[in-house]
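Report on one structure; see the data block that follows.
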Amino acid sequence: MRAWEKNIRKVVPYTPGEQPNKDRMIKLNTNENPYPPAPGVQKALQAMDIDRLRLYPDPAASDLVEAIAQELGVKPEQVFAGVGSDDVLAMCFMTFFNSGKPILFPDITYSFYDVWADVFRIPYVTVPLDEHFDIQPQGYTVENGGIVFPNPNAPTGVECPQSTIETILKNNPDVIVIVDEAYVDFGAVSALPLLEKYENLVVVQTFSKSRSMAGMRIGYAVASPDLIRYLNDVKYSFNSYTMDQTAIVTGVAAVRDREYFEKTIQKIVATRERTKLRLKELGFSFRDSRSNFLFVTHESCPARELFEALRRQDIYVRYFAKPRIDNYLRITIGTDRQMDIFLEFLDTYLSERG
Ligand code: PMP
């Protein structure tokens, strides 16, 4: 080993879902929205003055922050915008989890949390979900350096009741609790109203799912003005210009079109409910999902086999070879047509398999 190698920060990186690019593929593996962004986004892009790109963007992304604050009914000082919620969550880990005590998150959850903990040298302990994949609040009563969990959880899609979130907040007044609401818009209840009662709460949301803007990379945290100030201090110690001009302009346009946002969500929820019925008939079981994906297991066919069979047809879903969930598939809700093709394939495959 060369002498300098011992001083290199070595990490096992997060593995994102694959991004194949085939003409006729059906891509249900990374929880993207199957519908385009709001029409105003295209208009904003077309109207963009290219000369503006000569200049640095507004480091505070004020237009976007104000538009988000207005939409959520909070003060702009309560909003921190970043390059997707991954960037925002990474900043939160760096800013809030410095006690040296282990932070807590569920054993089955977004697989970026342990990666950030490792890269920032934050100790962590995972708290098992119960056998139905529900968060157990009593697991979050041990001494800790902070808490983070998604609601709905990923990859399970299971919603955590507000009462459980409140219990966790009440039991942990001395640390920051982050609720990652990447999928909350698809029918779950947001923890945003709890911000008035709990100054240690941080709610993180994204434009990647419900606003069809995964490619633009916009996410945000909502918290007390004090916590947002601390986040900004860390961001400005890192990179002043995280949000580029295009993201700011198109983000504002996306937030302003509430009607399109609601219509798109309704379509996805309707497709999800229809897909659930059909999957049940085909022998799958799953917890109810309040997200834009379903996390399913089949009564006789192993998940890995199905994953590979689907893949051969250029139908991509997500499979995790991990303890407790290695017989499950996570299926993003696509358009009605995509789901029909997917379900038809499953029907044929499972009946031919016998
Ligand atoms: N949180 C959860 C639970 C997620 O599943 C994702 C999507 N991979 C993210 C955060 C990050 O999404 P983005 O960075 O696109 O906002």
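Of all residues being farther than 14 Å from Asp87 by Cα, within 12 Å of the ligand (Cβ to nearest atom) and among the polar types (S, T, N, Q) in the range 191-220, which is surrounded by the fewest Cβ atoms within 10 Å (Cβ to Cβ)? Just the residue, please.
Ranking the candidates gives Ser212 first.
So for the range 78-92 (the condition being under 20 Å from Gly251 (Cβ atoms) and away from the ligand (no atom under 16 Å from the Cβ)), does at least one residue qualify?
yes
Can you tell me which of Gly354, Gly283 is modelled with pLDDT under 95 and either surrounded by fewer than 19 Cβ atoms within 10 Å (Cβ to Cβ) or over 24 Å from the mean Cα position of the chain (by Cα) (or both)?
Gly354
Does any residue of the range 29-52 turn out to be more than 30 Å from Phe307 (Cα to Cα), basic (Lys, Arg) and not in a loop (DSSP other than H, G, I, E, B)?
yes
How many of the residues in the range 238-267 are outside any helix (DSSP H, G or I) and within 17 Å of Leu53 (Cβ to Cβ)?
5
Quick check, is Ala44 at pLDDT 95 or above, small (Gly, Ala, Ser), within 16 Å of the ligand (Cβ to nearest atom) and surrounded by 14 or more Cβ atoms within 10 Å (Cβ to Cβ)?
no
How many residues are among the charged types (D, E, K, R), in a loop (DSSP other than H, G, I, E, B) and within 20 Å of Val65 (Cβ to Cβ) if we restrict to the range 175-198?
1
Assuming Pro16 fulfils every condition listed in (1) more than 30 Å from Ala154 (Cα to Cα); (2) assigned to a loop (DSSP other than H, G, I, E, B) apart from one, which condition is it?
Going through the list (1) more than 30 Å from Ala154 (Cα to Cα); (2) assigned to a loop (DSSP other than H, G, I, E, B), Pro16 breaks only (1).
Can you confirm whether Asn239 is away from the ligand (no atom under 15 Å from the Cβ), over 15 Å from the mean Cα position of the chain (by Cα), among the polar types (S, T, N, Q) and buried (at least 19 other Cβ atoms within 10 Å of the Cβ)?
No.
Note down all Cβ pairs under 6 Å where the first residue falls in the range 15-34 and is away from the ligand (no atom under 12 Å from the Cβ), the second is assigned to a loop (DSSP other than H, G, I, E, B), and they're at least six residues apart or on different chains.
Lys22/Asp314; Met25/Asp314; Leu28/Val317; Leu28/Gly334; Pro34/Gly334; Pro34/Thr335
Quick one: in the range 160-190, of everything that is under 15 Å from Ser291 (Cβ atoms) and aliphatic (A, V, I, L, M), which residue is nearest to the ligand (Cβ to nearest atom)?
Among those residues, the one meeting the criterion is Ala182.
If you go through the range 2-9 one residue at a time, do you hit one that is among the aromatic types (Phe, Trp, Tyr) and touching a residue at least 12 places away in the same chain (Cβ under 8 Å)?
Within the range 2-9, none of the residues are among the aromatic types (Phe, Trp, Tyr) and touching a residue at least 12 places away in the same chain (Cβ under 8 Å).
In the range 213-237, what residues are free of Cβ contacts under 8 Å to residues at least 12 places away in the same chain and part of a loop (DSSP other than H, G, I, E, B)?
Ser237
Looking at Val252, is it more than 15 Å from the ligand (Cβ to nearest atom), in contact with a Leu (Cβ under 6 Å, 6 or more places away or on another chain) and over 27 Å from Gly145 (Cβ atoms)?
yes
Residues are listed down the side, and each one gets a yes or a no for (1) within 13 Å of the ligand (Cβ to nearest atom); (2) touching a strand residue (DSSP E or B) at 6+ places or on another chain (Cβ under 7 Å); (3) not in a loop (DSSP other than H, G, I, E, B):
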| residue | (1), (2), (3) |
| --- | --- |
| Asp58 | no, no, no |
| Val74 | no, yes, no |
| Gly100 | no, no, no |
| Ser111 | yes, no, no |
| Leu129 | no, yes, no |
| Ala154 | yes, no, no |
| Val158 | yes, no, no |
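Considering only the range 25-69, state which residues are of a type in the set (Lys, Arg) and more than 26 Å from the chain's Cα centre (by Cα).
Within the range 25-69, Lys43, Arg52, Arg54 qualify.
The values are calculated or read from the model by the stated rules, or taken from the named source; none is laboratory data. Bear in mind the structure is a predicted one, so any value in this text is a computation, not a measurement. In this analysis, Cβ positions are derived from the backbone assuming ideal geometry, glycine residues included, and neighbour counts consider all displayed protein chains.
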